[in-house]
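Working notes for the structure below.
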Amino acid sequence: MSHKSNTSFQPKEMNIVLRILIIVAASFIFALNINTFVHTGGLLPGGAAGLTLLIQEIFLKFFNIKVSYTVVNLLINAIPVYIGFKFIGKRFTALSCVVIVLSSVFTDILPSYTLTRDTLLICIFGGLINGAAVSLCLLADATSGGTDFISIFLSERRGIDSFNIILGINAVILTIAGILFSWDKALYSIIFQYVSTTIIRLLYRKYQQSTLFIVTRNPAEISNLIYELTHHGATVIEGQGSFEHDEKKIIYSVVSSPEVNKVVSAITEFEPDAFVNVLRTERLSGNFYRVPKD
């Protein structure tokens, strides 16, 4: 028995191995995108990466000094990484540091390559690839660093959609780039960032919430089912059917968007004639259970 235990991966270890493989792949894709689409179009991808590229351009244009992407990116991420370790989660932040270091080193060592010089195509496909790379990091429970740490921290403390915060910070970076360099590239970068953010919102919905309204004859059972599946509570409201005038119960609950399908499936399986209405929640304050980061 002891020999088997020493030679087998535990589920937690398997999870870590898979997460590391995903973030290594994401780091490579992120760096490859910078050295192809982003550099060719002279764009700013937003966040820490965008700020790093902006600082590189400032040093090159005004001081004729070529600075390392890795050095600048690591310095920019110092404070966000501290926020991550202190307030978000140690393993989550450690894996995010792997992304930050690998993507920075890959960006410095990978050669630049031009696939197309059409700026609009660069914005669209570069944004798609950037959004996919960031989503891979998030799905592996890590982040690409910089503003992601700050937005996740504010999302968990304030219940605000984190990606709206990222867009606001990026707008400041692009304004500076437009004033110092070219408004054309700054405006094209907005298209790049919009596409990237749209892909992230499509692929990764952990910080989005949905409101459930369920008309049922079994409020206690449905409420318990929601709690067992999501650890979220529910409120039972008295109601009456307008046509048959029979007594109904309305359950009101808010769950994370990725949990909606399994909750609705479980409800309809338990009570096939239950009426379920799902609404997108724009903002949430108060106690809302979130799975803690490791």
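Among residues of the range 18-49 being within 20 Å of the chain's Cα centre (by Cα) and outside any helix (DSSP H, G or I), the one that is farthest from L120 (Cα to Cα) is G46. Which residues, taken from the range 196-226, are in a helix (DSSP H, G or I) and over 22 Å from P272 (Cα atoms)? Matches in the range 196-226: S196, T197, T198, I199, I200, R201, L202, L203.
Once the range 201-229 is narrowed to residues that are surrounded by fewer than 20 Cβ atoms within 10 Å (Cβ to Cβ) and of a type in the set (V, I, T), the residue that is nearest to L51 (Cα to Cα) is T211. Note down all Cβ pairs under 9 Å where the first residue falls in the range 50-64 and is part of a helix (DSSP H, G or I), the second is of a type in the set (K, R) and loosely packed, with under 12 Cβ neighbours inside 10 Å, and they're at least six residues apart or on different chains. Close Cβ pairs (under 9 Å, with a partner that is of a type in the set (K, R) and loosely packed, with under 12 Cβ neighbours inside 10 Å) amount to Q56/K66; F59/K66; L60/K66. Within the range 261-278, restricting attention to residues that are touching a Ser or Thr at 6+ places or on another chain (Cβ under 9 Å), closer than 17 Å to Q209 by Cα and not basic (K, R), the residue that is surrounded by the fewest Cβ atoms within 10 Å (Cβ to Cβ) is N277. Among the numbered conditions (1) of a type outside the set (S, T, N, Q); (2) buried (at least 19 other Cβ atoms within 10 Å of the Cβ); (3) not assigned by TED's automatic domain parsing to the domain that holds D273, the only one that Y194 does not meet is (2).
Would the range 87-99 turn up any residue that is aliphatic (A, V, I, L, M), over 12 Å from the mean Cα position of the chain (by Cα) and closer than 17 Å to P45 by Cα? Full working, then the answer.
At the first step, the residues of the range 87-99 found to be aliphatic (A, V, I, L, M) are 88, 94-95, 98-99.
Within this subset, residues satisfying the condition of being over 12 Å from the mean Cα position of the chain (by Cα) are 88, 94-95, 98-99.
With the extra rule that they be closer than 17 Å to P45 by Cα, the set shrinks to 99.
Yes: the range 87-99 contains one or more residues that are aliphatic (A, V, I, L, M), over 12 Å from the mean Cα position of the chain (by Cα) and closer than 17 Å to P45 by Cα.
Every test in (1) surrounded by fewer than 16 Cβ atoms within 10 Å (Cβ to Cβ); (2) closer than 20 Å to S135 by Cβ is passed by I79 save one, and that test is (2). For first residues located in the range 75-104 and of a type in the set (S, T, Y), partners that are surrounded by fewer than 18 Cβ atoms within 10 Å (Cβ to Cβ) and part of a helix (DSSP H, G or I) and lie 6+ apart or on another chain with Cβ distances below 6 Å form the pairs T93/F85.
Across the range 65-74, the number of residues qualifying as touching a residue at least 60 places away in the same chain (Cβ under 8 Å) and surrounded by fewer than 19 Cβ atoms within 10 Å (Cβ to Cβ) comes to 0. Assess whether A94 counts as being assigned to a helix (DSSP H, G or I) and surrounded by fewer than 19 Cβ atoms within 10 Å (Cβ to Cβ). Taking the combined requirement at face value, the residue satisfies it.
For the range 227-258, give me each residue that is in contact (Cβ under 8 Å) with a residue 40 or more places away in the chain and part of a helix (DSSP H, G or I). Within the range 227-258, T230, S257, P258 meet the criteria.
The values are calculated or read from the model by the stated rules, or taken from the named source; none is laboratory data. Computed from a predicted model, the values in this text were never measured in an experiment. As a convention, Cβ positions derive from the backbone with ideal geometry for all residues, glycine included, and neighbour counts pool all protein chains shown.
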